[in-house]
Amino acid sequence: FQPKVLAGRRVLITAGPTTERIDPVRVISNRSSGKTGYAIARAAREAGAAVTLVSGPTALNTPHGVQRINVESARQMHDAVMAHAAAADIFIAVAAVADWHVANASDHKLKKIEGQAVSGPPALKFAPNPDILADVAQMPNRPWCVGFAAETENLHEYAAAKRRRKGIPLLVGNLAQESMDADTTTFILFDDAGVHPLPRLPKTDAARKLIQAIAHRSPQHPPA
Ligand code: C5P
């Protein structure tokens, strides 16, 4: 039995990687299965929320009852999130968003001759992507924002600093090497009160625990 701790609340979630085009058949991306974000979307729905999931490319099925919006690039994800953020009570940024896009992406497939490139390997130029979470966290009527930090080392230090830099009430840290491609994860919650480690859990259970933590910390829906 799961209490409906998010009944009546609207939750917006990003998940998966983004892909950034090099040309029509090639992309660069971040490694992300989307499992954690999808598990959180499912848990939020189970908890009674109306859930919108803005997803980069993944191989996962849409959780039952969740509205899914498919995007490819970080800029598309930014547009989709901005179009829905004002209507959300809670925003959970789980996506592994590419930090850069290819500024000199080609409209046609870059060609090579077998064994010998036409003009050598392409020289890619990169330009920064918008920070979706930071932009939502600065909205005047912002939803209650939750961020993620997947780090390979110095997790506590980086996560606490990231929470302050992004200006958000809750940040979830995890170790990338333990969580990536895995079905289990170890969440560490960072908030104003300090650091709250959760045990290593299947992602479905970690997601449910996180939804409980969010429900307890975020403001209740104003009475109708
Ligand atoms: O800055 P960094 O990428 O380490 O922060 C990670 C957090 O910020 C995650 O919650 C991620 O979903 C979010 N993020 C974002 N837009 C970006 C980069 C990160 O929403 N361009």
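Each peptide in 104-112, 4-12 gets a packing score, the mean of other Cβ atoms within 10 Å over its residues, and the list from highest to lowest is 4-12, 104-112. Nearest 10 degrees is fine. How inclined is helix 35-46 to the longest principal axis of the chain, computing both from alpha carbons? Between helix and principal axis, roughly 30 degrees. Relative to the Cα centre, the charge distribution of segment 45-181, modelled as +1 at Lys and Arg Cβ and -1 at Asp and Glu Cβ, gives a dipole magnitude of about 320 debye. Distance between Cα centroids, segment 1-44 to segment 165-224: provide it in whole Å. The distance from the Cα centre of segment 1-44 to that of segment 165-224 comes to 14 Å. For segment 1-95, averaging the sequence separation of C-alpha pairs within contact (under 8 Å, six or more residues apart) and dividing by the residue count gives a relative contact order of 40 percent. Using 0.36 nm per residue and subtracting the Cα-Cα separation, the extra length available between residue 99 and residue 184 on full extension is 28.0 nm.
In percent, rounded to a whole number, the relative contact order of segment 83-224 is 18, using alpha-carbon pairs under 8 Å and six or more apart.
Summarising the label geometry, the points placed 7 Å from Cα in the beta-carbon direction at residue 59 and residue 86 lie 4.0 nm from one another.
Tell me, what is the percent relative contact order of segment 141-224, built from C-alpha pairs under 8 Å that lie six or more residues apart?
22 percent
Considering only 167, 16, 34, the Gaussian network model of the chain with Cα springs below 10 Å gives its largest mean-square fluctuation to 167. The convex hull of the Cα atoms of the chain, projected and averaged over all directions, covers 14.2 nm².
Against the longest principal axis of the chain, how steep is helix 155-166, in degrees 0 to 90 to the nearest 10, with axes from Cα atoms? Helix 155-166 sits at roughly 90 degrees to that axis. Shown is the FRET efficiency for residue 70 and residue 157, computed with R0 = 35 Å from the Cβ-Cβ distance and rounded to the nearest 0.05: 0.50. Phi angles across segment 4-15 convert, under the Karplus curve 6.51 cos²θ - 1.76 cosθ + 1.60 with θ = phi - 60°, into 3J(HN,Hα) values of 7, 6, 10, 4, x, 9, 9, 10, 10, 10, 9, 8 Hz, Gly and Pro given as x. Loop exposure criterion: GluC sites (Glu not before Pro), DSSP state outside H, G, I, E and B, at most 11 other Cβ atoms within 10 Å. Applied to the chain, the longest stretch between such sites is 1-113.
In plain terms, if you count all Cα to Cα distances in segment 3-131 and split them into 10 Å steps from zero, the share in each step is 13, 37, 26, 14, 7, 2, 0 percent.
Since every read-out is calculated from the coordinates, none of them should be taken as a lab result. All figures in this text were calculated on a predicted structure; none of them were measured in a lab. Glycine also receives a Cβ, built like all others from the backbone with ideal geometry; neighbour counts cover every protein chain displayed.
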